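A short worksheet on the structure shown next.
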Amino acid sequence: MNPLRGKTIAITEARRATELANLIVKLGGVPCSAPAVREVPRRDRGPALAVLDRICRGEVSTVIFLTGVGTRAFLGLAAEVGKREALLTALRATRIAARGPKPIAVLREAGVRIDLVPEEPTSEGLLAALAHEDLGGNVVAVQLYGEENPPLVEGLAARGATVLPIPLYEWALPEDQEPLVRLIHDLIDGRVDIIAFTSSPQIKHLFIVADRLGLRDEVAETLRDRLTVAVVGPVSEAALREHGITPQIQPGKGTMGALVHEVAEYLAREERSERGGMSHGRT
């Protein structure tokens, strides 16, 4: 069995890069790893601690968790200041919304009940799920990820909610950017068959480095016209579309494992199509 058919697959994941690369090797591919994102804890923890206190005092009606990393960081912050159990107790009396599978997994591991999961794991999906609710007078805490989220925060505020952002970490470029530089040249020179993105910051950072090299347009053209692009989730898909790139591969389930297996399925479909074309050509 060789589902990935020896294809060179570029990955820009950082935290689970080794796990992802091992899966690619196991399925017969050649991984090309260039981590594009570094998650940096915010130095100023005051705003997050203030919201933590309000949740523990029962002043918050809804808490929205957007990412697995942020959810785990918030629970960790509570533990660090001796309030983990107080937080968990408060969350049991609070409506909990989780954007997608990663925060859901962390919350379930902590024994937290989840009341709302949007059909589409995006901020827009969350707003749609809350569309028919009157949020007037509600205090809603929103766990932010590596950047601000104006559409969600402003959307909730427009419906009457008092929104408390929980900033926990920031996204930064990796300290060593040489792997990204090499990847950009490999992409343009045709040494990569498929590139797989697992988050939107990876895409943003790839183009930041390409821009510094004066190769932004070349990278966009390569991903648009000459490379197979795989992506996890609608947020990452939207980030690609900002550059005019339409991914060919997107799994129904938002996990890295599902992404690699979907790449294998895509290659299998391509192979069947090629065989069908050859068969028709002989008739």
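Taken together, the values in this text are just the output of simple stated rules run on the coordinates, not laboratory data. This structure is a prediction, so every number in the text was calculated from the model and none was measured. Note that we place each Cβ from the backbone using ideal geometry, even for glycine, and neighbour counts take in every protein chain shown.
Given the criterion on the phi > 0 side of the Ramachandran plot and in contact with a Gly (Cβ under 7 Å, 6 or more places away or on another chain), identify the matching residue among GLY58, GLY6.
Only one candidate passes the filter, namely GLY6.
How do the strands (runs of 3 or more DSSP E) wholly within the stretch 35-134 filter down when requiring 2 or more residues that are under 20 Å from LEU164 (Cα atoms), touching a residue at least 24 places away in the same chain (Cβ under 8 Å) and small (Gly, Ala, Ser): which remain?
In the stretch 35-134, 95-98 are the strands (runs of 3 or more DSSP E) which contain 2 or more residues that are under 20 Å from LEU164 (Cα atoms), touching a residue at least 24 places away in the same chain (Cβ under 8 Å) and small (Gly, Ala, Ser).
Conditions (1) without any contact (Cβ under 8 Å) to a residue 12 or more places away in the chain; (2) touching a Pro at 6+ places or on another chain (Cβ under 8 Å); (3) surrounded by 22 or more Cβ atoms within 10 Å (Cβ to Cβ); (4) more than 30 Å from LEU144 (Cβ to Cβ), marked per residue:
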{"residue": "ALA196", "(1), (2), (3), (4)": "no, no, yes, no"}
{"residue": "SER199", "(1), (2), (3), (4)": "no, no, yes, no"}
{"residue": "LEU206", "(1), (2), (3), (4)": "no, no, yes, no"}
{"residue": "LEU213", "(1), (2), (3), (4)": "no, no, no, yes"}
{"residue": "ARG226", "(1), (2), (3), (4)": "no, no, no, yes"}
{"residue": "VAL231", "(1), (2), (3), (4)": "no, yes, yes, no"}
{"residue": "GLY252", "(1), (2), (3), (4)": "yes, no, no, no"}
{"residue": "GLU270", "(1), (2), (3), (4)": "yes, no, no, yes"}
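Restricting to the stretch 25-72, name every residue that is under 30 Å from ILE195 (Cα atoms), small (Gly, Ala, Ser) and either surrounded by 22 or more Cβ atoms within 10 Å (Cβ to Cβ) or touching a His at 6+ places or on another chain (Cβ under 9 Å) (or both).
Across the stretch 25-72, the qualifying residues are GLY29, ALA34, ALA36, GLY70.
For residues that are part of a helix (DSSP H, G or I), without any contact (Cβ under 8 Å) to a residue 40 or more places away in the chain and of a type outside the set (Gly, Ala, Ser), scanning just the stretch 233-243, find the one that is surrounded by the fewest Cβ atoms within 10 Å (Cβ to Cβ).
ARG241
Out of the stretch 154-194, which residues are touching a residue at least 60 places away in the same chain (Cβ under 8 Å), out of contact with any strand residue (DSSP E or B) (no Cβ under 6 Å at 6 or more places or on another chain) and among the acidic types (Asp, Glu)?
Within the stretch 154-194, GLU175, ASP186 qualify.
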